1. Hey, what number do you get for chain A at 222 nm if only DSSP H runs of n ≥ 4 count, each worth -39500 (n - 2.57), divided across all residues, to the nearest 500?
2. Which whole number gives the average, over all residues in A:234-241, of C-beta atoms from other chains lying within 10 Å of the residue C-beta?
3. Place a +1 charge on the Cβ of each Lys and Arg in the protein assembly as shown and a -1 charge on the Cβ of each Asp and Glu, then give the dipole magnitude about the Cα centre in debye, rounded to the nearest 20.
4. Quick one: accessible surface of residue C:267, probe radius 1.4 Å, all protein chains present, in square angstrom to the nearest 10.
5. Could you tell me how many degrees, from 0 to 90 and to the nearest 10, lie between the Cα long axis of helix C:110-121 and the main elongation axis, the longest principal axis, of the Cα atoms of chain C?
6. Heads up, I need the accessible area for residue A:186: 1.4 angstrom probe, whole protein in place, Å², nearest 10.
7. Per the 1.4 Å probe, what fraction of the accessible area of chain B, in percent, lies on carbon and sulfur atoms?
8. Could you list the square roots of 5 times each eigenvalue of the Cα gyration tensor of region C:68-215, that is, the equivalent ellipsoid semi-axes, sorted largest first and rounded to whole Å?
Amino acid sequence: MTPQSELSDQELLARIGRITWFHSLELRPGIVTPGAKSLAVLRREEEALLGPFDLRGRSVLDIGAWNGAFSFASKRRGAARVLATDEFAWTHPTYKGLESFELARAELGLEVETLQLDPTRMDASLGQFDLVLFLGVFYHLFDPIDVLQRMRAVTGQVLLVETHQDALEREEPAMVFYPGRTLANDDTNWWGPNPPLMLHLLRQLGFARIYYRDHPHYLPAEGSRTRGIFAAILPGAEPAMSAHFGIEWRDLGAAGAMRDFRP
Amino acid sequence: MSEAELRTAVAGHRWLQSLRLRPDLVTPGLKPEAQLKAEEAALFDTLNLKGAHLLEIGAGNGAFSFAALRRGAARVLATDHLAWTLPGSDALSATQWAAHALGAGIEMSPLDPRELTPRFGSFHVVMATACFDQLFNPIQALRGMRSVTERVLLIETLQDGLADARPLMMGHGQVLPIGGPEGSWVFGWGPNLPLMTQLLTDLGFSRVLYRHHPTLGAARGLYAAFLPEAPDGLLEGFHTPWINVTSPQAA
Amino acid sequence: MAKPAALWYLRAMTLPDARISDAELLTRMQSFHWWHSIALRPGLTTLGGKSMEILAQEEDAFLAPFDLTGRSVVDVGAWNGAFSFAAKRRGAARVLATDSYTWNHPVWRGREAFELARAELGLDIEAKMIDPPDITEKLGLFDVVLFLGVFYHLYDPLDVLARMRRITRQLLLVETHQDLTNDARPGMVFYPSDILNQDATNWWGPNPALMLSLLLQLGFTRVFYRDHPTLGRARGVYAAFTPEVEDSLVRGFDSNWLDLDVPGAIEGLLTP
């Protein structure tokens, strides 16, 4: 597709410069937004998160899309419909998330819908999506259980949750509460769940199979599994949509699956 | 061994390679002397073999092993599984006669390259000519050769599928003058350059150099594959027409 | 909250006759990723990547030409076991299902899924965890070897095909992805990393001329071919017979099958 934008390279660079970017996006050959996450990091994350799925012809809902890297990636992987949603980052005075998203979307010429809506207010009226991306949001919520329930209501087949985690030494479900700025000096961080908690919470919500993999950049070798990725699959989901789970993934429902998490 | 005995032995064997045993005595082989000389120069002029330990796979009648010894190799082990073990084959006996006539102190073994493991030892240089064209399973044979290579693997092989950009190999059958009186049907392969590059890099070779065959052009190819631990100086002799097919520019 | 998987599994192992409720079976079925759609009870079918309709067509295409009554069958790469179960139902005296990759896969958990299906169907089938590159004569000799959907997943399919030959008494049935199908000369294409169908376990695409050469080279004396029943020429099915094959094994090939080792057979497969 040809870019929709008629900005000169100079103008584009000036507009990029007015925004604080989280995602590095290559908008034109050689013009990359200066995101806190590098292109290489995002490429590995995209492969880890979306690699297992065949998105061709399917619908994707991106919760907390921010600059849109995963919405754009889903579209490029053949999704028929992609809806990007956000509120916090999109209305943030410094991040100017929606403006950044629209700038990138216009440059990339990708047909992605947007909806400014906080996940705490989502419900089934939004419709159901084959794949729901709930990446880097869970632990920023004061009431993540309520929101996870809302995510279940908008999931047609698979819910993908990426989150900070904690309490890995425990085999029983647990999540750690972070008052004030106790986690990473960031007062938007509230909870650190462990994999057993995610397993049982997701099962309780009706997901039949819960698969887990370590985050590609926070590996056990580097000290701790501080972030994990959970793919929760509803009963009746098409097997062909999720046929490419590699060896990095494991079924949390398998006997003994939790024992491996202990540091 | 008298000269008469030698001439009788030469006449009494079937030869895969044309070896000059005396100024006026050349074995009547399938592969002409000129082609062997051209291949020897293309493969060995690039490397300093002084003091090297060399393993040859598919030695046939030993032409390259004898050449390596002449060029100063300290140890040469010539092997051929197919030609030296087929029932009715006299290729090993022919090679022994040739070694004797040339006074060449090479070791000989009919070992199967598929069975090579690091326990077998290691060689600075491992080489195989007519590599894919006479092997039913070149994937396994390459793995075996890799497991005993210390520095560099030299390969000469039939090629095919050259018009295709995708890595592939085509099956080839041929009758070789070994085994029974009518010779033996041997099934092998003609790989293309992308496949060779892929298989060699998959095996851990970090630099792969390529050139066309010196007399037959692209129908056959020569490969020099270097392990990461091979010193850079080893590549100094590889001038045009050799090209580095693992460097980004090659793509 | 659902009971931990370990407990269900243990109970199934120790009390094979205890029939679980339909609801419990459904929950257990849903706890696995299935490749084969298998009807375990009336109305209770596993939701596999391959539908029942496709499996029925494949079973008919792969197995109907052969009389399996009283024969021994090994299914190499059995995964959820559909073809092992089919062979047993078609009268095989002994069926051995083998797999390793899908049975050990941390997500697919193919062995447990296979065990659930086998227990539910009550079929007398043996199972052995073994990877095709490790198979030797020690596995035994089988009248029929099923080698379905495995060839192209192997980095070294030549080695494994030779191993399959060594355990075949009468018939080796190979089903594989193919490529270069418009070339009359034998050849196979290599797929680095995951370029074929985004699947890093796909390595080679052979053509019919190559499969014929390889199978003859390995000592099979006749090779019959047919296109895949639903995917056409993109995948091929090869029935390779040893010299020891009994006439009674072959019920009869329909017109979808072609004797490959006759002049012009390979050329006949090329599209003009």
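1. -7000 deg cm²/dmol
2. Taking the mean over all residues of the peptide, I get 4.
3. Charge dipole, the protein assembly as shown, about its Cα centre: 700 debye, nearest 20.
4. It works out to around 100 Å².
5. On a 0 to 90 degree scale, this one is about 70.
6. About 50 Å², rounded to the nearest 10.
7. With neighbouring chains kept in place, the figure for chain B is 56 percent.
8. 27, 19, 13
The values are calculated or read from the model by the stated rules, or taken from the named source; none is laboratory data. If you're wondering where the values come from, they're calculated on a predicted model, not measured in any experiment. FYI the Cβ positions are ideal-geometry reconstructions off the backbone, even for glycines, and counts take in every protein chain you see. Just the protein is used for accessible areas: all its heavy atoms, side chains included, with ligands, DNA and RNA removed. Shrake-Rupley method; radii C 1.70, N 1.55, O 1.52, S 1.80 Å.
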